[in-house]
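Structure, as structure tokens:
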Amino acid sequence: MIQSVTSTQIGLRHGAAKVTATLHRECAMYVTLSTEPASQPRARGTALPRRPKAATEVPKNALAQQRQQAAGTHLFREGDRAEHVYEIRAGIVRLTRVLENGRRQVIAFGLPGDIVGFPNGEVHHTDCDVIASADLILHRRRALDSGAGDPETHQRLLRAALREISAMQDHFMVLARKSAMEKVASFLVVLCQRTGTRHGATNNIAFALPMGRADIADFLGLTVETVSRTLTLLRKAGTLTLYTPQRVVVNDMQALLDASQTVQ
């Protein structure tokens, strides 16, 4: 899957429309929890690697616009006509889908630097709601399909789509091969690396955990009880501190990395 999309980078020289059409076909389902661009191997023990670069300003054209979106609101719902793709500058969004049996499945969490909303055909294939107030750039789909807009934006969207595909494969491995501790620790490592900041004068790293335990369990294929028990074990080991259910400080990043990689 990565190979088939990566090869389309050559087509970017001949027009963004060809690349975008291929991405629409290939990105029918993706996960937005990659720690770094796929071309860079993750260095074990590195606490804060270079993060995906979000746009620092709104492109100066009529095909993109900036939006502030409050927590608890939806960007789109499954079946809505896909008019835009959404670049996240700040905040966190959640992509979900309701299964035939009525259960909701968390597909992904979109973090700063991610792009969400690549459609499956003409409509969105998931619901997407904001769980931490978001600063977004909306890119019109017709600009991507036609090749309009600036080349830098097209390149950034292409890199983001390739990251999503790589992250999807990483997530499949997490679900299939890792223990409960490894799953939860891997999830926390990603949030820490993507959204964490230094905590006071120490080397500890703090980050927000706006998603509930049920969301984490749904995303990782665990029960809520298992997620809560695993967080308690990490807290008792001194690896992290839970100041509130939504505020985490990592006291020992290497220990958290070790917990996420014990079967490697």
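The values are calculated or read from the model by the stated rules, or taken from the named source; none is laboratory data. Please read all numbers here as calculations on a predicted model, not as lab measurements. Cβ coordinates were reconstructed from backbone atoms using ideal geometry, including for glycine residues, and neighbour counts include every protein chain displayed.
Considering the stretch 69-169, the qualifying strands (runs of 3 or more DSSP E), each wholly inside and each with 3 or more residues that are within 25 Å of residue 186 (Cα to Cα) and in contact (Cβ under 8 Å) with a residue 40 or more places away in the chain, run over 84-98, 104-110, 127-140. Please tell me if residue 214 is without any contact (Cβ under 8 Å) to a residue 12 or more places away in the chain, surrounded by fewer than 19 Cβ atoms within 10 Å (Cβ to Cβ), of a type in the set (A, V, I, L, M, F, W, C) and assigned to a loop (DSSP other than H, G, I, E, B). Taking the combined requirement at face value, the residue does not satisfy it. When residue 185 is tested against (1) outside the structural domain of residue 256 (by TED's automatic domain parsing); (2) of a type in the set (Gly, Ala, Ser); (3) in a helix (DSSP H, G or I); (4) over 14 Å from residue 108 (Cα atoms), exactly one condition is not met: (1). The listed residues are 225, 152, 164, and the only one of them that is surrounded by fewer than 20 Cβ atoms within 10 Å (Cβ to Cβ), of a type in the set (Asp, Glu) and either under 26 Å from residue 99 (Cβ atoms) or assigned by TED's automatic domain parsing to the domain that holds residue 255 (or both) turns out to be 225. Please specify each residue of the stretch 229-264 satisfying the condition of being crowded, with 17+ Cβ neighbours inside 10 Å and assigned to a helix (DSSP H, G or I). If the condition is that a residue be crowded, with 17+ Cβ neighbours inside 10 Å and assigned to a helix (DSSP H, G or I), then 230, 231, 234, 253, 256, 257, 259, 260 are the ones that fit.
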